[in-house]
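Only one structure is covered here, and it is reproduced in the block below.
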C-alpha cells in the first residue's frame, strides 16, 4: 500500500518535473507539426524535383537521371508555351483588376449604410463557396444557348438581330471563342478573390488612426487628397498582403479552368496546373507533369521573398 | 446645395454597393432561380430566364437527393472534414503554443517558416503526392485526403492560434504557476479556456478549407463513391454531355449558402490571421 503510494508520488513528481521543463516542452509541442510538414510537404517537393530531372512514368517508375531533358521537351510543345503564357497573363491581369476594385470596395464597405450585414454576406459569398461549385454557377450563366446574359442583351436589342451592336447571331458563345473564354476565366478569378482582398484592405483602413484623418479634415484636405496622400500610402503594406494571398490562391487553383473550359477551345485556355494534371495524372507522364508544375516555383519564390521582407519590416516597427 | 451634395453622395454609395452585390451574387441568384424551374420553362431560349414562366417545381431537388450520389459526396466531405479538424487541432494547438511561449528567439522564425508552407499551393505538389498516396495503398480512398489535407490546414491554423495565444497576458499563467500548477497544467487550465473562440474559428476554417479543396481530391480519387462535394458535383452530375442543370445548381446552392453564413460570422478573426498581426484589431 505504502509502496504504491510512493510510486504514484514518484510518478507525479516525475511528470511534474518534465511538464515544467520549457526547453523540453517547446520542441516536444512543435515536433508533430514539423514532422507532418516535412513528411508531406518537404519530401513530396523533393520528389517533384527528382521526377522532373528523371524519365519516370506511371508504367516505369525507376528514376533514371535525365538532366534537363524534360524541360527541353516540354518547352518545345505549343500546349506548354500556351499554358505558361496563360498562367502569366491570367494572373497579372486579374491581380491588377482585383487590387483596383478591392480598394474601391474596401472604401465603400468602411462607410455606414443600411443592410450592411447583408451586403457583406453577398459580397463574401464567392470566396466562401467552394470554387468548383461557384464555377459551375458561372458555367451555366455563360451557357452557349441559355445564358441569361445573352437573353438580356437580346432584350435590349444589342444582340441577335441584323445591325445589332454585338452581332446578328443569337448568342455570344462565351466559352467557345478564345478571347471571350480567357476573359471569362479572368472574370471568375476577380469574382472569387475580390472579397478577400477587400476585407483585408478594410482591416487596413480601420487601423488608420482617427486623429490623422481629423487633422486632414481640419486642414481642409479634399476627399481625393486624403485618399491618395494619406489612406493609400498608409495601407500600402496591407495591400501587399492582400495581393500576396490573392496571388497564391489564383496560382494554386485549377478548378476554374478545369470546370469552365477544360482548357478549351482546343488547348488555348490551358494553364500550368491543368496542363500538368493532363500530362502527369491523366496521361501518366509523371516526369513531364512534375516539370510543368515546377514552373510555378520561381513565381512562388519571389512571393515568399516578398513576405519575408514584409514580416521583417513589421518586426522593426 | 449642401443637402443636394450629401444626397448625391449617399445615392452614389448605395448604387455602388448594389453593383458590387450584384456582381458577387449573380451566379447564386441564377442558381436559386434555376433549381426550381421545370425543363420546359428552362430550355426555351425565348422565355424570360429571370421569372417563372411555368410553376416552380421540387422535382430536380428530389432527383438530386434521391437518385444521385450527392448525399454520398456530402457524407464523404463531412467525414473528411471532421477528421481533418481533429488532426489539425491536435497538432496545431501545441505547435502554436510552443511558438508563442516556449521556444525563444527562433520561435518567430519558425513561425514564419510554417506560414510559408501555407503558401506552397497544391498545384505544385499534387503529382508527387499522388505517387505517395498510391504507394501507401490509399489511392481511391477517403483516407488519402484525411492524410494530406492537414498539410493545408495546419500551417494556417498554427499561425492563427499563435497570434491568439500571444494576445493572452503572461501574468495569468504565472499566477496559475504560483498557485502550484505546472507549466503544462497552466496551459490546460488557463490558456485553453481563454482560447475557445480562437479554436472555434480554427474549426470553422479548417472544415471549410477541406470543403473547398479540389486539386488533391481530383488527383487522388477516381471512383464515384469516394468523391467529395467539390469534385463530385462538377464531374459526376454531368452524364456524358447531358447537364442536369437544375440539380447541379441545387447542389451548388445547398453547399454555398450555409458555408457563406459561417464565413461571415468568423470573418473578422480570419482577416486578423491573414494580416499576420500587422493590423491591431
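The values are calculated or read from the model by the stated rules, or taken from the named source; none is laboratory data. All figures in this text were calculated on a predicted structure; none of them were measured in a lab. FYI the Cβ positions are ideal-geometry reconstructions off the backbone, even for glycines, and counts take in every protein chain you see.
When the test is whether a residue is at the interface with chain A (Cβ under 7 Å from one of its Cβ atoms), at pLDDT 85 or above and either surrounded by fewer than 20 Cβ atoms within 10 Å (Cβ to Cβ) or within 27 Å of residue A:240 (Cα to Cα) (or both), residue B:274 does not pass it. Being modelled with pLDDT under 90, surrounded by fewer than 16 Cβ atoms within 10 Å (Cβ to Cβ) and within 10 Å of chain A (Cβ to nearest Cβ) is the filter; apply it to region B:17-44 and report the residue that is farthest from residue A:196 (Cα to Cα). Going through the qualifying residues, I end up with B:44. Residue B:187 falls short on exactly one of the conditions (1) away from every other protein chain (no Cβ under 11 Å); (2) over 21 Å from residue B:148 (Cβ atoms); (3) in contact (Cβ under 8 Å) with a residue 60 or more places away in the chain, and that condition is (1).
Go through region A:236-262 and count every residue that is under 13 Å from the mean Cα position of the chain (by Cα), in contact (Cβ under 8 Å) with a residue 60 or more places away in the chain and outside any helix (DSSP H, G or I). Going through region A:236-262 one residue at a time, the tally reaches 1. Note on region B:211-248: residues that are part of a helix (DSSP H, G or I), closer than 17 Å to residue A:255 by Cβ and either modelled with pLDDT under 85 or facing another protein chain (nearest Cβ under 10 Å) (or both) total 16. Scanning region A:64-78 for residues that are surrounded by 15 or more Cβ atoms within 10 Å (Cβ to Cβ) and without any contact (Cβ under 8 Å) to a residue 60 or more places away in the chain, we see that the one that is nearest to residue A:278 (Cα to Cα) is A:77. Are any of the residues in region A:52-67 within 12 Å of chain B (Cβ to nearest Cβ), in a helix (DSSP H, G or I) and at negative phi? Yes, region A:52-67 contains a residue that is within 12 Å of chain B (Cβ to nearest Cβ), in a helix (DSSP H, G or I) and at negative phi.
When each of A:187, A:203, A:221 is tested for being more than 26 Å from residue A:85 (Cβ to Cβ), assigned to a helix (DSSP H, G or I) and in contact with a helix residue (DSSP H, G or I) (Cβ under 9 Å, 6 or more places away or on another chain), the lone residue that passes is A:203.
Name the residues in region B:83-99 that are farther than 13 Å from residue B:162 by Cβ and free of Cβ contacts under 8 Å to residues at least 12 places away in the same chain, would you? If the condition is that a residue be farther than 13 Å from residue B:162 by Cβ and free of Cβ contacts under 8 Å to residues at least 12 places away in the same chain, then B:86, B:90 are the ones that fit. Out of all the residues in region A:279-300, is one or more surrounded by 18 or more Cβ atoms within 10 Å (Cβ to Cβ), in contact with a strand residue (DSSP E or B) (Cβ under 8 Å, 6 or more places away or on another chain) and either at pLDDT 85 or above or within 11 Å of another protein chain (Cβ to nearest Cβ) (or both)? Taking every residue of region A:279-300 in turn, at least one turns out to be surrounded by 18 or more Cβ atoms within 10 Å (Cβ to Cβ), in contact with a strand residue (DSSP E or B) (Cβ under 8 Å, 6 or more places away or on another chain) and either at pLDDT 85 or above or within 11 Å of another protein chain (Cβ to nearest Cβ) (or both). The residue of region A:160-177 that is farthest from the chain's Cα centre (by Cα), among those that are surrounded by 19 or more Cβ atoms within 10 Å (Cβ to Cβ) and within 12 Å of chain B (Cβ to nearest Cβ), is A:160.
Hey, does region A:91-104 have a residue that's part of a loop (DSSP other than H, G, I, E, B) and either under 16 Å from the mean Cα position of the chain (by Cα) or at the interface with chain B (Cβ under 8 Å from one of its Cβ atoms) (or both)? Looking for residues that are part of a loop (DSSP other than H, G, I, E, B) and either under 16 Å from the mean Cα position of the chain (by Cα) or at the interface with chain B (Cβ under 8 Å from one of its Cβ atoms) (or both), one finds none in region A:91-104, hence no. Applying the set (1) assigned to a helix (DSSP H, G or I); (2) within 8 Å of chain B (Cβ to nearest Cβ); (3) without any contact (Cβ under 8 Å) to a residue 24 or more places away in the chain to residue A:146 leaves exactly one unmet item: (1). Taking residue B:50 as the residue in question, decide whether it is within 19 Å of residue B:211 (Cα to Cα) and within 9 Å of another protein chain (Cβ to nearest Cβ). Against the criterion (within 19 Å of residue B:211 (Cα to Cα) and within 9 Å of another protein chain (Cβ to nearest Cβ)), residue B:50 does not qualify. Could you list all residues from region A:107-142 that are touching a helix residue (DSSP H, G or I) at 6+ places or on another chain (Cβ under 7 Å), part of a loop (DSSP other than H, G, I, E, B) and more than 7 Å from chain B (Cβ to nearest Cβ)? Matches in region A:107-142: A:142 only.
The residues of region B:178-187 that are part of a helix (DSSP H, G or I) and surrounded by 13 or more Cβ atoms within 10 Å (Cβ to Cβ), listed by number, are B:183, B:184, B:185, B:186, B:187.
Just to be sure before I move on: is residue B:89 within 23 Å of residue B:260 (Cβ to Cβ), surrounded by 18 or more Cβ atoms within 10 Å (Cβ to Cβ) and out of contact with any strand residue (DSSP E or B) (no Cβ under 9 Å at 6 or more places or on another chain) in the structure I sent? So residue B:89 fails the test.
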